[in-house]
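Let me begin by presenting the structure, written as structure tokens, before commenting on it.
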Amino acid sequence: MEHSVATVSPDAQLGNDDVQAIDELRKFYDQLTAELGKVIVGQEKVIEQLTLCLFARGHGLLMGVPGLAKTLLVSSLSQALDLSFSRIQFTPDLMPMDITGTDILQDTGDGRRQFEFVKGPVFANIVLADEINRAPSKTQAAMLEAMQEHRVTVVGRTFKLDPPFFVLATQNPVEQEGTYPLPEAQLDRFMFLIQVDYPDRDQEIQIARTTTGVKMPDLQHLITGERVIAFQDVIRRVPVPDHIYEYCVDLVRKTRPDDPSAPDWLKPMVSWGAGPRAVQYLVLGGKALAALRGSYMVRLEDIEDVAEPVLTHRVLTTFNAESEGITSRDIVRRLVEKS
């Protein structure tokens, strides 16, 4: 799709303070990747997509086999950002109160007792939901409320979660026994599906050298939670040309097999396409990526680069596609190439 003129609403222009903040964000991202490089070998794309989710106020779903340092990456990210971190190991017997917290009867010291709410591990800035598909649906629902509403409800009372609030969930693609697959409605709550792949040979040699020594290096605190929130606000103000909005809508509509704009090759391959939330996350992801690249306006290549992690888990393939070995990722890539 080619457009000769990029038109942006006049009230969407960045001010001098916003331009300076984007410059600072770009410098911070360089510092962050260098700092994480002390303990994480490779995975540059994964780090970039995690950072995009964070500053776009989204959540990420990491897909990868065990042993690829997903937990180490998330905990290292929270340490470098000077944010509170908690890890929840999801299991079939995990209850909602194990995540949100519960009332406990406490002695007040004057001979009386009263119930006091004890916060669960979801009350943190960065929450790692490890193997989220191992928990039953009611526990997943409790996590869903926290992700969507940034609050939890316990015994009829509502407790707000302090910003910034960022959930990273993991799934193991090679072991499905004893799991509860995430429903499409909950998958749609995740901004990105982040694929964590095996390192190459040289990186694996470096991993062996750096992780079998005496001590892992300590990471510096680069930024506070308040500054993270400020950057999140700036990213929301990054201008988007009108034709970019149109491109995002057209791209998402093409994933729906019943839509007139869907290509003929896609219709037998897809049973269900992406919804309007995908358009929102394409725009927000493009804004965040433009800012990380030091750009003051969203460009077409920014949207193309975030299309795969945004759309892959929102496009459901048919049996015909599966029998031919065609994945959702393949379909999204082909759509982007032909759009």
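Key figures for this structure:
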item	result
Any hit, the stretch 172-188, residues being more than 30 Å from PHE90 (Cα to Cα) and surrounded by fewer than 16 Cβ atoms within 10 Å (Cβ to Cβ)	no
So GLY285, is it within 21 Å of VAL196 (Cα to Cα), small (Gly, Ala, Ser) and surrounded by fewer than 16 Cβ atoms within 10 Å (Cβ to Cβ)	no
For ARG26: the one exception among (1) modelled with pLDDT under 90; (2) surrounded by fewer than 20 Cβ atoms within 10 Å (Cβ to Cβ)	(1)
Verdict on LEU251 being at pLDDT 95 or above, more than 19 Å from the chain's Cα centre (by Cα) and part of a helix (DSSP H, G or I)	yes
Unique match (being at pLDDT 95 or above and either closer than 30 Å to ASP30 by Cβ or out of contact with any Ser or Thr (no Cβ under 6 Å at 6 or more places or on another chain) (or both)) among LEU289, LEU266	LEU289
Given (1) out of contact with any Leu (no Cβ under 6 Å at 6 or more places or on another chain); (2) over 30 Å from SER84 (Cβ atoms), index of the condition THR224 fails	(2)
Any hit, the stretch 121-133, residues being in a helix (DSSP H, G or I), touching a Pro at 6+ places or on another chain (Cβ under 9 Å) and without any contact (Cβ under 8 Å) to a residue 60 or more places away in the chain	yes
Candidates LEU251, LEU219, LEU193, filtered to the one that is of a type in the set (A, V, I, L, M), touching a Pro at 6+ places or on another chain (Cβ under 6 Å) and touching a residue at least 60 places away in the same chain (Cβ under 8 Å)	LEU193
Candidate set from the stretch 294-315 (those that are surrounded by fewer than 16 Cβ atoms within 10 Å (Cβ to Cβ) and not aromatic (Phe, Trp, Tyr)); member that is nearest to LEU251 (Cα to Cα)	GLU301
Long-range neighbours under 6 Å by Cβ, at least six apart or interchain, first residue in contact (Cβ under 8 Å) with a residue 60 or more places away in the chain within the stretch 40-64, second among the β-branched types (Val, Ile, Thr) and buried (at least 21 other Cβ atoms within 10 Å of the Cβ)	VAL46/ILE194; GLN49/ILE194; PHE55/ILE235; HIS59/VAL167; GLY60/ILE194; LEU62/THR170; LEU62/ILE194
Pairs with Cβ under 7 Å, 6+ apart, first in the stretch 13-28 and among the polar types (S, T, N, Q), second not in a helix (DSSP H, G or I)	GLN13/PRO239
Flag if PHE190 is assigned to a loop (DSSP other than H, G, I, E, B), closer than 25 Å to LEU61 by Cβ and at pLDDT 85 or above	yes
Selected residue (criterion: surrounded by the most Cβ atoms within 10 Å (Cβ to Cβ)) from residues of the stretch 120-140 that are among the hydrophobic types (A, V, I, L, M, F, W, C) and under 19 Å from the mean Cα position of the chain (by Cα)	ALA129
Residue match in the stretch 103-115 (condition: within 30 Å of LEU52 (Cα to Cα) and out of contact with any Leu (no Cβ under 7 Å at 6 or more places or on another chain))	no
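The values are calculated or read from the model by the stated rules, or taken from the named source; none is laboratory data. Everything numeric in this text was worked out from a predicted model, so none of it was measured. Please note: Cβ atoms are built from the backbone with ideal geometry, for glycine as well, and neighbour counts cover all protein chains shown.
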